[in-house]
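> Take this structure first; my questions come after.
The numbers here are math on the coordinates, done by the rules we state, and not lab data. These numbers were taken from a predicted model, which means no experiment stands behind them. Note: ideal-geometry Cβ built from the backbone for every residue, glycine included; neighbour counts use all protein chains shown.
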């Protein structure tokens, strides 16, 4: 019972490390989007 648990645990840790290595070696491309924000122009406000 303990041996099976350790095998499953080692397999999970190995897969997690392989996934991290894959993401480090081949990172995903960032999504390029333009940010459109309307900023208030307070420099021409009547005083």
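> Computed from these coordinates, which is Cα extents along the principal axes in Å: [x] 70, 5, 5; [y] 79, 24, 11; [z] 22, 21, 21?
[y]
> Sticking with this structure for a sec: Give the angle, between 0 and 90 degrees and rounded to the nearest 10, that separates the Cα long axis of helix 2-25 from the longest principal axis of the Cα atoms of the chain.
40
> Suppose each label sits 7 Å from its Cα in the direction of the beta carbon; what would the residue 21-residue 39 distance come out to in nanometres?
Using points 7 Å along Cα→Cβ, the separation is 4.7 nm.
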